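The values are calculated or read from the model by the stated rules, or taken from the named source; none is laboratory data. The structure presented is a predicted model; accordingly, all values stated were derived computationally and were not measured. Counting neighbours? That spans all protein chains shown, and the Cβs are built from the backbone with ideal geometry, glycine included. In case anyone asks, the SASA skips ligands and DNA or RNA and just uses the protein heavy atoms, side chains included. Shrake-Rupley method; radii C 1.70, N 1.55, O 1.52, S 1.80 Å.
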Amino acid sequence: MWSRVETARRERPSRVGSKANGYEDHFQEQYPRVVAMLILFHGFAPQIAEDAAAEAMTRLLPRWEKVRTPKAWVRMVALRVARQIAQEQHHALPDWELADGKAADDLAAVELALTVGSAIQALPPRQQEAIRLALVDMTPAEIADVLGCTAEQARGNLAHARRTLQKALGTEEEA
C-alpha cells in the first residue's frame, strides 16, 4: 500500500517546461515546511503532519494553475486535513482504560510536588531556606547552624512557613 507521500510524489508532473513544472519545485520546497509547521506550531504527531501535508499537495496538483497563492492554500488545506485525521484517530481510541492506577498516583504526586514547590517559592527567602532544610530532615538546631541564627528564630521561620503553606494549599484546619 502506498503512503500519501508516495502518492503525492507519484502524481507530480514530470513534464519539463510545462506550466505544472513549478509544482515540482513547490512540492520540494514546501512539503517539509508544511510538515514542520503542523508539528511545531500546531502540535500534531509527525505521522499526521506528513499525511496531511501529502494530502494537501495531492489536492493542489489538479488546481495548480488556478490557485493564486499555493503556499497559503497548501498550509490551510494541510491544517484542515490534519485536524480531520486527528479527530478520526481520537474517535478510534480503544474503550479500555489507558493508564493503570500507579500511573495515576504518580501523576497526582507530581502535581502535588509542583503545587507545593510553587507555594514554597512564594515564601520569603528565609522561610524558603528553613522549610527546604526541614524537608531534608534537619532539626531546628541544625537549621539554625546552617542559616546562622538561633534555634528559636529557625523554629519561628518554620512556623510562619508552615502556616503560609497551609493557607496556600488549603489544608488549614478549621477552628
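Counting just the residues of region 84-100 that are open to solvent by 80 Å² or more (accessible area, probe 1.4 Å) and modelled with pLDDT under 75, which one comes out nearest to residue 144 (Cα to Cα)?
100
Only one residue in 145, 137 is out of contact with any helix residue (DSSP H, G or I) (no Cβ under 7 Å at 6 or more places or on another chain), of a type in the set (Asp, Glu) and loosely packed, with under 11 Cβ neighbours inside 10 Å, so which one is that?
Of 145, 137, the one residue that is out of contact with any helix residue (DSSP H, G or I) (no Cβ under 7 Å at 6 or more places or on another chain), of a type in the set (Asp, Glu) and loosely packed, with under 11 Cβ neighbours inside 10 Å is 137.
Taking into account only those residues within region 11-37 that are modelled with pLDDT of 70 or more and among the acidic types (Asp, Glu), which is least open to solvent (accessible area, probe 1.4 Å)?
Ranking the qualifying residues of region 11-37, first place goes to 24.
For region 101-129, which positions are over 22 Å from the mean Cα position of the chain (by Cα), open to solvent by 50 Å² or more (accessible area, probe 1.4 Å) and modelled with pLDDT under 85?
102 - this is the single residue of region 101-129 that is over 22 Å from the mean Cα position of the chain (by Cα), open to solvent by 50 Å² or more (accessible area, probe 1.4 Å) and modelled with pLDDT under 85.
Restricting to region 47-65, count the residues that are open to solvent by 40 Å² or more (accessible area, probe 1.4 Å), under 16 Å from residue 89 (Cβ atoms) and either in contact with a Lys or Arg (Cβ under 8 Å, 6 or more places away or on another chain) or outside any helix (DSSP H, G or I) (or both).
2
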